[in-house]
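The structure under discussion appears below in the form of structure tokens.
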Amino acid sequence: MASNPLSSILENSSGSREDLIPVLQKVQAVEGFISKESVGLISRRLKISENEIHGVATFYAQFRFTPPGEHHILVCMGTACHVKGGAQLVITLEHELDAKTGETTEDGKFDLDQVACLGCCALAPVVKIDDKIYSQMSVLKLRQVLDEYKEA
Ligand code: FES
């Protein structure tokens, strides 16, 4: 009966509530995000309300409910980056992109997320766009980098 990857994930789960996080992780690995349809299917299979699934998934920064954007922007909010202005970078990006952390811009070009540490604290504050690390960022530098991606 497992006709698609999502059905297969759900059928291979035990059907208990404890499976919620592993199932969400697998669904996101397959879909790139957790769609509304998936939330409905998970809800029926694990007998957990859609509201509760959203509540649990929102608690973990790794889960997203919107499709990923063309470019993935990750702002480091670890201690080293935070004390050097990481929060200001997030505010700037949310303003420039008109999207909140965890969301994708309306044109689908960017999505924005935060991370606890990118592992290069000496370069703080750090922003990662796709596979590229931008170090010692300032609001001005960030705007310039963003413009390059917007124009590309
Ligand atoms: S705290 Fe930002 S890279 Fe470690």
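The values are calculated or read from the model by the stated rules, or taken from the named source; none is laboratory data. No experiment lies behind these values; they were computed from the predicted model shown. For neighbour counting, all protein chains shown are included, and Cβ atoms are generated from backbone atoms with ideal geometry for every residue, glycine included.
When Ala122, Ala87, Ala61 are checked against the criterion of being closer than 26 Å to Ile9 by Cβ and within 16 Å of the ligand (Cβ to nearest atom), a single residue qualifies: Ala61. The condition (being assigned by TED's automatic domain parsing to the domain that holds Leu24 and out of contact with any Pro (no Cβ under 9 Å at 6 or more places or on another chain)) is satisfied by just one residue among Gly40, Gly78, Gly102: Gly40. The sole residue among Leu93, Leu112, Leu123, Leu97 that is at pLDDT below 95 and within 22 Å of Leu140 (Cβ to Cβ) is Leu112. Entry remark, region 1-16: residues being part of a helix (DSSP H, G or I), farther than 19 Å from Arg64 by Cβ and in contact with a helix residue (DSSP H, G or I) (Cβ under 6 Å, 6 or more places away or on another chain) number 1 in total.
Scanning region 26-58 for residues that are among the hydrophobic types (A, V, I, L, M, F, W, C), touching a Lys or Arg at 6+ places or on another chain (Cβ under 9 Å) and in a helix (DSSP H, G or I) turns up Leu46, Ala57.
Criterion applied to Gln136, Gln114 was being outside any strand (DSSP E or B) and within 16 Å of the ligand (Cβ to nearest atom), and the one residue passing it is Gln136.
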